[in-house]
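Down below is the structure, laid out as structure tokens.
Every number in this text was worked out from the coordinates using simple rules, so none of it is lab data. Keep in mind the model is a prediction, meaning the values are calculated, not measured. Neighbour counts run over all protein chains shown; Cβ positions are idealised from the backbone, glycine included.
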Amino acid sequence: MDSKRSQLSLRRLRQNPAIRELVREHCVTVEQLIQPYFVVDGISKREAIPGLTGTWRDTPDSLLKQIEADLEAGVRKVLLFGVPSEKKTSGFSHSFTSKQIAAIKKRFGSDVFVSVDVCLCSATSHGQCGILTAEGDHVENASTVAELARAATEYAQAGADCVAPSDMMDGRIAAIRASLDNAGLDGTLVMSYSAKFHSKFYGPFRVAADSAPKGGTSLKDRATYQIDPGSPRDALASSLRDAEEGADILMVKPGLPYLDVLADLSRQIRKPWAVYEVSGEFAAIELMAQQGLIHGPAAHLESWTAFVRAGASMIVTYGARSAKTWLELKS
Ligand code: PBG
């Protein structure tokens, strides 16, 4: 055989930006990104979050100002975390978060797509994601699910476009869907954190949301409800179940450490997939960039590209509001 013709040149398609742009298979756009917001009851000024550059613990006022600024940056998809000041073990009020949803909708209407995290960890005095049994050593499934369905329905009534349960109880998607439908809210989307792992990468978030497990119980962590990092089979079962129960969007969380799971599940279950680039992943890049070890914007884009390559159609990331600027740096 002619040795010249058998020489495969892969570098021909890499030789300049124009060609690379044309042959690229996966691109990230700002439209795919969802920006998380923390709105905190009882603080007078917004507060920075260690590790999460450019994200804040907002007051109700600063939240609206930030959303306005973000609209300018092309970001119109919100994932809201409400942090009430009153911590309890039962009899929760969801009104603080509901009020913020109503305020966003009143001000911005359909310019902003509002999704809201549904969980109890920011509202419980012990920091667990649900209601404990009398012995305090277990999160009770049925009472927690009923409370989550109440919260989700209140949020939807306040105007949320999408509710996103992140608690990992059994049967919560069916309960939330039924409760929404009963209230005539059949247009509200349910985005399930269906493949949420028991991860150490949630550290900065738990400071922001005041949601770390705190004691007052023998439960030290969330291992009895979040998925074990070594059990992708469990993530498949959980996602199949949540799809069956009526979830519109499924999610893998964290992102990069579970990229194999995202690639696998998004091929097996043909639903829209979200991925959450969680606080610890985001902060790792930021901290390396601050040390001059890495180019932060390019590293963030590389991670997002990996998510899209692995099958995500949307990405929850603390970098959404910087994405437009970062994407312009790309070559
Ligand atoms: C609430 C919740 C968590 C995150 C989103 N919703 C933390 C947890 O399970 O402890 C993590 C998000 C992040 O780290 O950015 N249960």
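Tabulated data
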item: Residue of 258, 155, 276 that the Gaussian network model of the chain assigns the largest fluctuation, springs spanning Cα pairs under 10 Å; result: 258
item: Segment 1-67 and segment 247-265: distance between their alpha carbon centers, rounded to Å; result: 17
item: Longest segment of the chain lacking GluC sites (Glu not before Pro) that sit in a DSSP loop with at most 11 other Cβ atoms within 10 Å; result: 136-331
item: Share of Cα-Cα pairs in segment 142-278 lying beyond 27 Å, as whole percent; result: 20
item: Gaussian network model of the chain, Cα within-10 Å springs - most flexible of 110, 179, 192; result: 110
item: About the Cα centre, charge dipole magnitude for segment 173-331 (Lys/Arg +1, Asp/Glu -1 at Cβ), debye; result: 180
item: Value at 222 nm in deg cm²/dmol, rounded to 500, when DSSP H runs of n ≥ 4 in the chain each add -39,500 (n - 2.57); result: -11500 deg cm²/dmol
item: Prolate/oblate/rounded call for segment 218-331, Cα gyration tensor, a/c under 1.5 rounded; result: oblate
item: C-alpha long axis of helix 232-244 to longest principal axis of the chain, angle in °; result: 70
item: Compactness of the chain - radius of gyration and Dmax, Cα, Å; result: 20.7, 79
item: Residues of type lysines that residue 65 reaches as a straight line, Cα spacing below 17 Å, ignoring anything fewer than 8 places off in the same chain; result: 45, 77, 99, 105, 106
item: Three-way shape label, segment 50-192, alpha-carbon gyration tensor, a/c 1.5; result: oblate
item: Rounded to 10°, Cα long-axis angle of helix 95-108 versus longest principal axis of the chain; result: 50
item: The chain, relative contact order [Cα under 8 Å, separation at least 6], %; result: 19
item: Part-to-part distance (alpha-carbon centres) for segment 166-243 and segment 291-323, which is given in Å; result: 23
item: For the chain, built as a Gaussian network whose Cα springs stay under 10 Å, the top-fluctuating residue of 254, 17, 297; result: 17
item: Theoretical gain in end-to-end length, residue 287 to residue 24 [0.36 nm per residue, Cα-Cα removed]; result: 91.8 nm
item: Tilt relative to the chain, helix 279-290 - C-alpha long axis, 0 to 90 degrees, to 10; result: 50
item: Antiparallel %, DSSP beta bridges [both residues in the chain], to 5; result: 10
item: Residues residue 106 and residue 183, FRET efficiency given R0 of 25 Å [Cβ-Cβ distance, rounded to 0.05]; result: 0.80
